[in-house]
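What follows is a set of notes on a single structure, which appears directly below.
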Amino acid sequence: MKIFYAIQATGNGHISRAMQLYPYLQKFGSVDFFLSGNNASLNLDLPVKFKSLGCSLHYSKCGGLDYWGIAKNIKPIQMYKDAKSLPLKSYDIIINDFDSITSLACKLQNVNSVQFGHQASFISDATPRPQKKSIMGEMILKHYANSPKNIGLHFEKYDSFIHPPIIKDEIVNSEPKNLGHISVYLPSFDKDCLEKAFNKLPELQFHWFLNDVTFKHTIDNITYYPVNQKQFNESMINCDGIITGGGFETPAEALFLGKKILSIPIQNHYEQECNAAALKKMGVPVVYEVGKNFELIIENWLNTPTQYPTMKANNIPETLQYLFDTYNQK
């Protein structure tokens, strides 16, 4: 089979998932990847055949979205051209992990597709939402990369078509330990926003992964790391707890490892607010705004006993077989 796999390259989660799935997909046939977006920071070890600037999220300094940065980088005419030029009819299956260009291309070329990934789970109204729903947020989740068929991934099986998270082999096969440090991954925060709070807790050691760090180095009680999957996996496997955003992949892996989690969803990011609502139902503490006394929140979090539900890893071969069977159903 010839497989076309579209990756949304806003953030690293979609790329990380595709890298984990690639060897399993190869058992079904040859795979060509389409990378849409331009603000991921992971090294990409995949055969990317097509690229587009697409539509990417950009962040403000301290935990929010930069709407002007997002708007000025959207090129609708180029996106239309990119969609029209994708040779989708030469593929046996189109897998779309939340990419609008591929969705548009399928409509223009009258080609079938399946949306596969976390965002597909929001097609179901049973998937957790925050108390205050966003009309615009709901429209984006349900129509940004819409497809006639959907296979979702989420923390729990909220609906029949929703499957467990894709957990990386390194995580699944690891032996978790607690070496006492706190892993931190908050790509929407600059260093200045949180550094003072971490320094006020000198008895704690922080492993902080930042996009603008080029080499590992330690200053006082903070070890700064570049965004590197291998180093991050090692840090998380051996941490006491993790402070992260309201994304999907990192909290899912932390839940699988049984680690303490403090979630800080990106402000006004509806999908992350939905994820935070799901995490809260599971007992994970959520902070919606980082203020002057953030160090006290961290101390309270670490001193409060927590017990989350056991996270099950996805049976990837079984899920992919279900995906291909779903795609071929009329």
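What do you reckon, is Leu210 within 20 Å of the chain's Cα centre (by Cα) and either without any contact (Cβ under 8 Å) to a residue 24 or more places away in the chain or on the phi < 0 side of the Ramachandran plot (or both)? Reasoning before the result, please.
Numbers: within 20 Å of the chain's Cα centre (by Cα): yes; either without any contact (Cβ under 8 Å) to a residue 24 or more places away in the chain or on the phi < 0 side of the Ramachandran plot (or both): yes.
Answer is yes for this residue.
What are the residue pairs meeting all of these: first residue in segment 18-44, first residue closer than 22 Å to Ile316 by Cα and of a type in the set (Phe, Trp, Tyr), second residue at pLDDT 95 or above and open to solvent by 40 Å² or more (accessible area, probe 1.4 Å), Cβ atoms under 9 Å, and 6 or more apart or on different chains?
Hits for this filter: Tyr24/Pro317; Phe28/Gln321; Phe33/Tyr22.
Restricting the search to segment 252-277, which residues are in contact with a helix residue (DSSP H, G or I) (Cβ under 6 Å, 6 or more places away or on another chain), touching a residue at least 60 places away in the same chain (Cβ under 8 Å) and either assigned to a strand (DSSP E or B) or farther than 17 Å from Ser174 by Cβ (or both)?
Passing the criteria: Ile266, Tyr270.
For segment 238-246, does any single residue satisfy the condition of being open to solvent by 10 Å² or more (accessible area, probe 1.4 Å) and among the hydrophobic types (A, V, I, L, M, F, W, C)?
Among the residues of segment 238-246, not one is open to solvent by 10 Å² or more (accessible area, probe 1.4 Å) and among the hydrophobic types (A, V, I, L, M, F, W, C), which makes the answer no.
Please specify each residue of segment 93-114 satisfying the condition of being assigned to a loop (DSSP other than H, G, I, E, B) and either on the phi < 0 side of the Ramachandran plot or β-branched (Val, Ile, Thr) (or both). Break it down into steps so the answer makes sense when it comes.
Taking segment 93-114 first, the residues assigned to a loop (DSSP other than H, G, I, E, B) are 98-99, 110-113.
Passing the criteria: Asp99, Val111, Asn112, Ser113.
Please count how many residues of segment 87-124 are surrounded by fewer than 18 Cβ atoms within 10 Å (Cβ to Cβ) and of a type in the set (Ser, Thr, Tyr).
2
Taking the stated definitions as given, is Lys27 open to solvent by 40 Å² or more (accessible area, probe 1.4 Å) and touching a Phe, Trp or Tyr at 6+ places or on another chain (Cβ under 6 Å)?
On the way: open to solvent by 40 Å² or more (accessible area, probe 1.4 Å): yes; touching a Phe, Trp or Tyr at 6+ places or on another chain (Cβ under 6 Å): no.
No; evaluated as a whole, the condition is false for this residue.
Could you grab the pairs with beta carbons closer than 6 Å, sequence gap of 6+ or different chains, first residue in segment 219-233 and assigned to a helix (DSSP H, G or I), second one acidic (Asp, Glu) and open to solvent by 50 Å² or more (accessible area, probe 1.4 Å)?
What qualifies is Asn233/Glu170.
Which residues, counting only those in segment 230-278, are of a type in the set (Val, Ile, Thr) and within 22 Å of Cys193 (Cα to Cα)? Please lay out each step first, then the result.
Residues of segment 230-278 of a type in the set (Val, Ile, Thr): 237, 242-244, 250, 261, 264, 266.
Correct list: Ile242, Ile243, Thr244, Thr250, Ile261, Ile264, Ile266.
If I ask for residues that are surrounded by 14 or more Cβ atoms within 10 Å (Cβ to Cβ), touching a residue at least 40 places away in the same chain (Cβ under 8 Å) and outside any loop (DSSP other than H, G, I, E, B), which ones from segment 125-166 would you list?
Within segment 125-166, Gly137, Glu138, Ile140, Leu141, Lys149, Ile151, Leu153, Ile162, His163 meet the criteria.
Of the numbered conditions (1) open to solvent by 50 Å² or more (accessible area, probe 1.4 Å); (2) polar (S, T, N, Q); (3) under 26 Å from Phe248 (Cβ atoms); (4) modelled with pLDDT under 95, Thr214 satisfies every one except a single condition; which is it?
For Thr214, the failing item is (3).
Residues in segment 135-146: is at least one modelled with pLDDT of 95 or more and in contact with a strand residue (DSSP E or B) (Cβ under 7 Å, 6 or more places away or on another chain)?
Checked against the condition, which is being modelled with pLDDT of 95 or more and in contact with a strand residue (DSSP E or B) (Cβ under 7 Å, 6 or more places away or on another chain), segment 135-146 yields no hits at all.
Condition test on Asn268, is it modelled with pLDDT under 95, of a type outside the set (Lys, Arg) and open to solvent by 10 Å² or more (accessible area, probe 1.4 Å)? Talk me through it step by step, then tell me what you get.
Working: modelled with pLDDT under 95: yes; of a type outside the set (Lys, Arg): yes; open to solvent by 10 Å² or more (accessible area, probe 1.4 Å): yes.
For Asn268, the condition - modelled with pLDDT under 95, of a type outside the set (Lys, Arg) and open to solvent by 10 Å² or more (accessible area, probe 1.4 Å) - is met.
Does Tyr224 fit the bill of being within 27 Å of Glu175 (Cα to Cα) and of a type in the set (Ser, Thr, Tyr)? Walk me through how you get there before you give the answer.
Values: within 27 Å of Glu175 (Cα to Cα): yes; of a type in the set (Ser, Thr, Tyr): yes.
The answer is yes for Tyr224.
Just to be sure I understand, how many residues within segment 214-268 are β-branched (Val, Ile, Thr), farther than 24 Å from Asn314 by Cα and more than 16 Å from the chain's Cα centre (by Cα)?
First, pick out the residues of segment 214-268 that are β-branched (Val, Ile, Thr): 214, 218-219, 222-223, 227, 237, 242-244, 250, 261, 264, 266.
Filter once more, keeping what is farther than 24 Å from Asn314 by Cα: 214, 218-219, 222-223, 227, 264, 266.
Right, trim to more than 16 Å from the chain's Cα centre (by Cα) and you get 214, 218-219, 222-223.
Looking only at that region, the number is 5.
Being in a strand (DSSP E or B) and touching a residue at least 60 places away in the same chain (Cβ under 8 Å) is the filter; apply it to segment 115-124 and report the residue that is farthest from Leu320 (Cα to Cα).
Residues of segment 115-124 that are in a strand (DSSP E or B), as a first pass: 115-117.
Filter once more, keeping what is touching a residue at least 60 places away in the same chain (Cβ under 8 Å): 116-117.
On the way: Phe116: 10, Gly117: 12 Å.
My answer is Gly117.
Would you pick out the residues in segment 169-191 that are open to solvent by less than 40 Å² (accessible area, probe 1.4 Å) and either in contact with a Pro (Cβ under 8 Å, 6 or more places away or on another chain) or modelled with pLDDT under 95 (or both)?
If the condition is that a residue be open to solvent by less than 40 Å² (accessible area, probe 1.4 Å) and either in contact with a Pro (Cβ under 8 Å, 6 or more places away or on another chain) or modelled with pLDDT under 95 (or both), then Leu186, Ser188, Phe189 are the ones that fit.
For segment 294-309, which residues satisfy the criterion of being touching a residue at least 24 places away in the same chain (Cβ under 8 Å) and open to solvent by 80 Å² or more (accessible area, probe 1.4 Å)? Step through it out loud before you land on a result.
Kept after step one, since they are touching a residue at least 24 places away in the same chain (Cβ under 8 Å), are these residues of segment 294-309: 294-295, 297-299, 301-302, 306-309.
Hit for segment 294-309 is Gln307, nothing else.
The values are calculated or read from the model by the stated rules, or taken from the named source; none is laboratory data. Small disclaimer: the values here were computed from a predicted structure and weren't measured. In this analysis, Cβ positions are derived from the backbone assuming ideal geometry, glycine residues included, and neighbour counts consider all displayed protein chains. Areas reflect the complete protein model, heavy atoms only, side chains present, ligands, DNA and RNA absent. Shrake-Rupley method; radii C 1.70, N 1.55, O 1.52, S 1.80 Å.
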